[in-house]
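Quick notes on the structure that follows.
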Amino acid sequence: MTELDGQVAIVSGASRGIGEAIARSLSEAGCSVACVARDAARAAAVADTLESEGRGYACDVSDPAACADLVAAVDGELGPVDILVNNAGITRDNVLVRLKDEDWQTVMDTNLRGAFNTTRAVARGMMKRRAGRIINIASVVGLTGNRGQANYAASKAGLVGFSKSVALELASRGVLVNVVAPGFIETDMTSDLPEEARVALFERIPLGRLGRPEDVAGVVRFLAGPAAAYMTGQVLVVDGGMVMNG
Ligand code: NAI
């Protein structure tokens with residue numbers, strides 16, 4: 001018996017990186033996991049190798065109708081959704097004056113609107129059942145800002161405001177909404193960093209190493225579980241100490 005036995009989780013962007021690690025971690029905790037990615041085969045490749053029951057679903061989170069269909073399909077095939085992890089995210093980096101309208105819009109549509117689409121789709125069911133956990137993956141740059149990432153940082157800061165608002169709305173129905181803000185995690189998203197920049201980064205990280213997807217997944221598992229039953233509207237920073245406020 002593990003702490004999330006019999007629960008159903010949706011993890012967006014689960015085909016690789018942090019999302020894959022979250023799917024594996026929730027599966028080890030006993031969840032049936034719906035692994036969501038734009039590509040069905042990639043989602044299934046992860047889902048088929050999970051410890052507990054898993055299923056792959058193709059869904060572009062920026063499409064509201066697709067998100068509603070996704071939640072209905074998961075409900076029918078795995079059961080009502082107990083846990084939603086909004087992890088799908090993209091970058092289109094450039095300095096402000098070179099940032100194209102399209103770079104702004106696609107980042108907003110995936111990172112911020114995507115979380116809205118899926119959260120709205122699960123909210124009614126969770127409210128009715130008077131239970132649910134929603135965990136949104138933001139970023140430390142949403143808290144601090146970052147040169148060359150005005151679009152991405154705005155989307156992640158937006159996710160924090162969105163999460164706190166929804167946490168307030170849903171608290172009385174037993175639905176908890178929290179945010180995890182990772183620092184620099186080694187995934188495909190960050191793989192093309194030049195060696196010099198990597199060394200400079202180490203110097204900014206008190207724990208002396210880049211993060212691993214599992215470092216984020218462990219905190220998500222905590223937020224999804226019974227130990228976090230009295231937490232909502234919080235932002236947990238997972239960055240090896242890189243950003244310390246206050
Ligand atoms: P990644 O690029 O390795 O994986 C992103 C995942 O999201 C992929 O599975 C991709 O298929 C999926 N995805 C992208 N657009 C989608 C869409 N429209 N619909 C459905 N799925 C979509 O990225 P990584 O590094 O694993 O990042 C995961 C999350 O963590 C993202 O939200 C990212 O912004 C956030 N993050 C990552 C950090 C890092 O250092 N890697 C730091 C802080 C936050």
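Where a number appears in this text, it was derived from the coordinates with a stated rule and is not lab data. Every value quoted in this text rests on a predicted model; they were computed, and no experiment measured them.
Shape analysis of the range 22-107 based on the Cα gyration tensor places the equivalent ellipsoid semi-axes at 29, 15, 11 Å, largest first.
Any chance you could give the angle, 0 to 90 degrees and rounded to 10, that helix 64-77 forms with the longest Cα principal axis of the chain? It works out to around 40 degrees.
By how many degrees, 0 to 90 and rounded to 10, does the Cα axis of helix 17-28 deviate from the longest principal axis of the chain? So the helix axis and the longest Cα principal axis differ by about 30 degrees.
Over the range 1-147, what number does the Rg to Rh ratio reach, with both radii from the alpha-carbon atoms and Rh per Kirkwood?
Radius of gyration relative to Kirkwood radius: 1.00.
Taking the Kirkwood radius as Rh and the Cα radius of gyration as Rg, the chain has a ratio of Rg/Rh equal to 0.95. Determine one quarter of the surface area of the Cα convex hull of the range 1-55, which equals its mean projected area, and express it in nm² to one decimal. One quarter of the hull surface, i.e. the mean projection, equals 3.0 nm².
The long axis of helix 195-204 is offset from the longest Cα principal axis of the chain by roughly 80 degrees.
When a/c reaches 1.5 or more, the comparison of a/b and b/c decides; with that in mind, is the range 141-246 rounded, prolate or oblate per its Cα gyration tensor? It is prolate, given that a/c is not under 1.5 and a/b is the larger ratio. The alpha-carbon of residue 100 sits under 22 angstrom from the alpha-carbons of these lysines, leaving out residues fewer than 8 places away in its chain: 156.
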